[in-house]
Amino acid sequence: MKTILITGGAGFIGSNFIPYFIKNNSDFNVLNLDSLTYAGDLKNVKEVESHNRYTFMKGDICDRNLIEELFKKNDINGVIHFAAESHVDNSISSPDEFIRTNVFGTFTLIDVARNYWMESPHNYKDQYKNCRFHHVSTDEVYGTLGETGLFEETTPYAPNSPYSASKASSDFIVRSYFHTYGMNVVTTNCSNNYGPKQHDEKLIPTIIRKAIAGENIPIYGDGKNVRDWLYVLDHCKGVELAYAKGVSGETYNIGGRNERNNNYIASKICELLDQKIPRKDGKSYKVLITYVKDRPGHDMRYAIDATKIENELGWKADENFETGIEKTVAWYLEKIK
Ligand code: NAD
């Protein structure tokens with residue numbers, strides 16, 4: 001039995017990934033390392049907490065001694081690295097933690113893995129020959145798009161926020177470990193995720209929460225910013241596939257081909273709530289939509305070309321935005337019951 005280290009598994013995507021991965025991979029123990037920042041919550045992994053192939057460890061990815069000890073004690077055979085500071089707004093008000101966790105934390109993890117798995121550059125220890133470091137990243141590293149065009153794996157990096165700059169830096173560290181040390185690495189760059197367990201601060205949970213509370217639903221600027229929305233389980237399927245079958249040193253874009261602007265998203269959620277829990281005054285939840293001052297440096301449009309992972313690894317999104325958002329709203333309504 002091999003043990004895989006999954007970082008950030010108490011956060012939104014990691015906590016959707018772990019139960020899915022454990023179910024599909026009976027030959028792996030999962031060690032979830034998470035420092036439980038404000039964004040991590042052990043309730044998110046409740047469904048696996050007593051699973052015999054699951055262990056949780058509270059700790060910081062920047063803590064080299066701890067990571068070294070974890071590798072030794074658990075004989076780590078692979079890493080899927082989700083842990084990060086992930087909220088763009090927070091990166092604008094306090095960028096330091098983004099640089100520490102996303103840049104220094106990624107460096108610490110991959111460097112410990114290299115020392116543990118490798119004898120010397122381009123030379124793995126025999127028992128660790130196929131050990132892989134999978135880095136989970138974002139499409140935000142590519143910057144912003146105009147009205148047309150798609151981000152491809154070859155699109156030059158042009159990060160615009162401290163968040164995306166820190167993720168871009170971490171991508172480059174991982175890339176350099178492939179070229180310099182011959183490490184077995186793969187990176188996935190995904191578009192905006194939504195679905196169960198997302199932190200309240202993010203756009204879709206905020207719209208749902210504010211609407212239900214009868215409060216104004218804040219939408220930045222004119223609401224025309226476009227993102228390519230992907231249901232979180234489709235992202236998890238892409239990560240699992242790239243971890244198992246991706247070519248070492250390659251990057252794969254994961255995106256749903258579901259471009260929607262914020263006005264559409266807010267309206268769609270309001271319509272679902274109108275059907276499921278109509279307001280007492282008979283009006284649509286849409287009356288709560290309120291435009292607020294735009295985020296500084298707000299990227300206009302992101303959209304992913306997922307052809308590479310579709311053609312080379314056979315990935316495909318199972319949900320479109322309309323089916324995924326229905327499941328998501330149902331999950332939040334159940335949560336607040
Ligand atoms: P999240 O903020 O919900 O979760 C991050 C988790 O990492 C939390 O549980 C937190 O406690 C943990 N963490 C933070 N700093 C840590 C540290 N120093 N040591 C150990 N654990 C730490 O984030 P998410 O939305 O689940 O995103 C996961 C990954 O996916 C991130 O790398 C993010 O950049 C990437 N990503 C997210 C999206 C998205 O739409 N959410 C899209 C593309 C890529």
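Some notes on this structure:
- Projected-area average for the stretch 88-204 over all orientations - Cα convex hull basis, square nanometres: 9.0 nm²
- Ellipsoid semi-axes for the chain, based on the Cα gyration tensor and the rule √(5λ), read 34, 22, 18 Å when sorted largest first.
- Annotation: the stretch 53-153 has a Kirkwood hydrodynamic radius of 15.8 angstrom, from the mean reciprocal C-alpha pair distance.
- Potential lengthening of the chain between LEU333 and SER120 amounts to 71.4 nm, from the contour at 0.36 nm per residue minus the alpha-carbon distance.
- The Kirkwood radius of the stretch 1-117, taken over pairs of alpha-carbon atoms, gives through the Stokes-Einstein law at 37 °C and 0.692 mPa s a diffusion coefficient of 228 µm² s⁻¹.
- Near-label residues of the stretch 122-159 by backbone N, under 20 Å of a point 7 Å along Cα→Cβ of HIS179: 122-123, 133-138, 141-143, 152-159
- Accessible surface comparison of MET1, MET57, probe 1.4 Å, protein chains only, largest first: the order is MET1, MET57.
- Burial order of peptide ranges 308-321, 33-46, 188-201, 277-290 (average beta-carbon count within 10 Å, highest first): 188-201, 33-46, 308-321, 277-290
- With respect to the chain, whose longest principal axis is taken over its alpha-carbon atoms, helix 262-276 is tilted by about 70°.
- Axis of helix 321-336 versus longest Cα principal axis of the chain: the two differ by about 90°, to the nearest ten degrees.
- Accessible area, probe 1.4 Å, largest first, for residues GLU119, GLU322: GLU119, GLU322
- Relative contact order of the stretch 195-255, defined on C-alpha pairs under 8 angstrom at six or more residues apart (%): 29 percent
- Counting lysine pairs in the stretch 228-283 that sit 8 or more residues apart in sequence, or on different chains, and whose Cα atoms lie under 30 Å apart gives 6.
- Tensor-based shape of the stretch 263-311 (alpha-carbon gyration tensor, a/c under 1.5 rounded, otherwise prolate or oblate): oblate
- Within the chain, percent of DSSP bridges classed antiparallel, to nearest 5: 10 percent
- Other residues whose C-beta falls under 13 angstrom from the C-beta of GLU119 contribute a net charge of +2, scoring Lys and Arg +1 and Asp and Glu -1.
- Whole-angstrom gap from the stretch 185-199 to the stretch 13-37, using each part's C-alpha centre: 14 Å
- The largest accessible area among LYS337, LYS202 belongs to the first residue in LYS337, LYS202, and the rest follow in falling order (1.4 Å probe, all chains).
- Expected 222 nm ellipticity per residue - DSSP helices of 4 or more, -39500 (n - 2.57), all of the chain, to 500: -11500 deg cm²/dmol
- Rounded, prolate or oblate (a/c below 1.5 giving rounded, otherwise prolate when a/b exceeds b/c) for the stretch 179-337 by Cα gyration tensor: prolate
- Put a dot 7 Å past the Cα of ASP27, heading toward its Cβ, do the same for ILE277, and the two dots end up 4.6 nm apart.
- Kirkwood Rh in Å, taken over all unlike Cα pairs in the stretch 220-313: 15.9 Å
- The residues of the stretch 261-337 expose, per residue, 55 Å² of accessible area to a 1.4 Å probe.
- Helix 232-245 axis, angle to the chain major axis (alpha carbon atoms, nearest 10°): 20 degrees
- Electrostatic dipole magnitude of the chain [Cβ: Lys, Arg +1; Asp, Glu -1; Cα centre; debye, to 20]: 740 debye
- Cβ-placed point charges (K, R +1; D, E -1), dipole of the stretch 200-337 about Cα centre in debye, nearest 20: 560 debye
- Summing +1 for each Lys or Arg and -1 for each Asp or Glu among the other residues whose beta-carbon sits under 9 angstrom from that of ARG257 gives -3.
- Carbon + sulfur, % of accessible area of the chain - ligands and nucleic acids excluded, 1.4 Å: 50 percent
- Label-to-label distance, nm, for residues given as ASN263 and ASP63 (7 Å Cα→Cβ offset): 4.9 nm
The values are calculated or read from the model by the stated rules, or taken from the named source; none is laboratory data. Being a predicted model, the structure only gives us computed values, none of them experimental. Glycine also receives a Cβ, built like all others from the backbone with ideal geometry; neighbour counts cover every protein chain displayed. The protein model used for the area step is the full one, side chains on, heavy atoms only, and it has no ligands, DNA or RNA in it. Shrake-Rupley method; radii C 1.70, N 1.55, O 1.52, S 1.80 Å.
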